[in-house]
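Below you'll find the structure, written out as structure tokens, and then a few comments.
The values are calculated or read from the model by the stated rules, or taken from the named source; none is laboratory data. All figures in this text were calculated on a predicted structure; none of them were measured in a lab. Positions of Cβ are backbone-derived with ideal geometry, glycine not excepted, and every protein chain shown enters the neighbour counts.
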Amino acid sequence: DAKTTQPNSMESNEEEPVHLPCNHSTISGTDYIHWYRQLPSQGPEYVIHGLTSNVNNRMASLAIAEDRKSSTLILHRATLRDAAVYYCILTGGRGSTLGRLYFGRGTQLTVWP
Amino acid sequence: KAGVTQTPRYLIKTRGQQVTLSCSPISGHRSVSWYQQTPGQGLQFLFEYFSETQRNKGNFPGRFSGRQFSNSRSEMNVSTLELGDSALYLCASSIGSTGRRNTEAFFGQGTRLTVV
């Protein structure tokens with residue numbers, strides 16, 4: 001499984017933007033970058049994914065470096081509900097079935113009121 | 001649409017016993033995957049079932065097994081329980097095929113198993 005590296009923890013104040021980094025220097029050309037998050041006492045939930053271009057959805061934005069060796073998940077205005085563990089995961093592109101995800105340790109995001 | 005349903009939510013078992021956990025995937029999803037989550041090891045992949053066949057398997061002992069039924073519902077079984085099997089067991093469902101439509105896996109809330 002291709003590996004990713006994330007900081008163990010990050011903190012933010014409510015309503016401020018949060019930039020969660022992820023390094024994936026061994027990414028292959030067909031790997032998609034997925035982000036999931038796990039709120040306390042819940043299963044992981046999908047946040048966003050992308051291949052090469054930056055992506056936006058209602059939850060977050062994903063900025064992907066030009067060489068694709070790193071990416072950043074951007075929460076534009078953090079809320080208390082965004083406090084969770086965020087996982088950056090590589091999947092094998094369109095050949096991947098998403099049936100096996102490697103989660104790593106993720107980043108614990110703390111949001112202060 | 002209804003999400004992934006796992007039953008039971010909580011379970012307490014004694015060492016040496018066996019346990020069966022159940023997962024109902026989202027309608028139309030043919031892939032069901034199981035994960036074990038512990039504070040020490042994090043989220044670890046157990047196995048994946050697709051169309052009633054095990055398609056992928058993680059690095060767990062043979063005491064951990066599973067199956068999938070024709071309606072895509074899945075069960076996992078752990079025999080001869082050990083204290084170290086205490087964990088949150090998560091089930092995820094996805095379309096199971098490759099391609100554009102397969103963009104995310106959906107997780108259930110998990111079954112919290114405590115072995116005493």
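Taking the criterion of being part of a strand (DSSP E or B) and either among the basic types (Lys, Arg) or out of contact with any Gly (no Cβ under 9 Å at 6 or more places or on another chain) (or both), the residues of segment A:64-83 that qualify are A:SER70, A:THR72, A:LEU73, A:ILE74, A:LEU75.
Cβ-Cβ contacts under 6 Å between residues 6 or more apart (or on different chains), taken from a first residue in segment A:22-51 that is touching a residue at least 24 places away in the same chain (Cβ under 8 Å) and farther than 11 Å from A:ILE64 by Cα to a second residue that is assigned to a strand (DSSP E or B) and small (Gly, Ala, Ser), are listed as A:ARG37/A:ALA84; A:GLN38/A:ALA84; A:LEU39/A:ALA84.
Looking only at segment B:75-116, residues that are within 7 Å of chain A (Cβ to nearest Cβ), part of a loop (DSSP other than H, G, I, E, B) and at pLDDT 95 or above come to 3 in all. If you go through segment B:31-46 and keep only what is without any contact (Cβ under 8 Å) to a residue 24 or more places away in the chain and either among the polar types (S, T, N, Q) or assigned to a strand (DSSP E or B) (or both), you end up with B:GLN41, B:GLY42, B:GLN44, B:PHE45. Would you say B:SER72 is among the small types (Gly, Ala, Ser), assigned to a strand (DSSP E or B) and either closer than 16 Å to B:VAL4 by Cβ or within 14 Å of the chain's Cα centre (by Cα) (or both)? No. So which residues in segment B:19-29 are out of contact with any Asp or Glu (no Cβ under 9 Å at 6 or more places or on another chain) and over 14 Å from A:GLY43 (Cβ atoms)? Within segment B:19-29, B:SER27, B:GLY28, B:HIS29 meet the criteria. Please verify whether segment B:31-39 includes one or more residues that are at the interface with another protein chain (Cβ under 8 Å from one of its Cβ atoms), small (Gly, Ala, Ser) and within 12 Å of the chain's Cα centre (by Cα). Within segment B:31-39 (the criterion being at the interface with another protein chain (Cβ under 8 Å from one of its Cβ atoms), small (Gly, Ala, Ser) and within 12 Å of the chain's Cα centre (by Cα)), the answer is yes, since at least one residue qualifies.
From the list A:GLY50, A:GLY106, the lone residue that is within 14 Å of another protein chain (Cβ to nearest Cβ), farther than 28 Å from B:LEU88 by Cβ and surrounded by 16 or more Cβ atoms within 10 Å (Cβ to Cβ) is A:GLY50. Residues that are exposed (fewer than 13 other Cβ atoms within 10 Å of the Cβ), part of a loop (DSSP other than H, G, I, E, B) and either within 13 Å of the chain's Cα centre (by Cα) or modelled with pLDDT of 95 or more (or both) within segment A:17-47 comprise just one, A:PRO17. Out of curiosity, is B:GLY66 over 14 Å from the mean Cα position of the chain (by Cα) and surrounded by 12 or more Cβ atoms within 10 Å (Cβ to Cβ)? Judged against the criteria, B:GLY66 is not a match.
Look at (1) of a type outside the set (Phe, Trp, Tyr); (2) under 21 Å from A:GLN42 (Cβ atoms); (3) in a loop (DSSP other than H, G, I, E, B) and you find that B:PRO61 fails only one, number (2).
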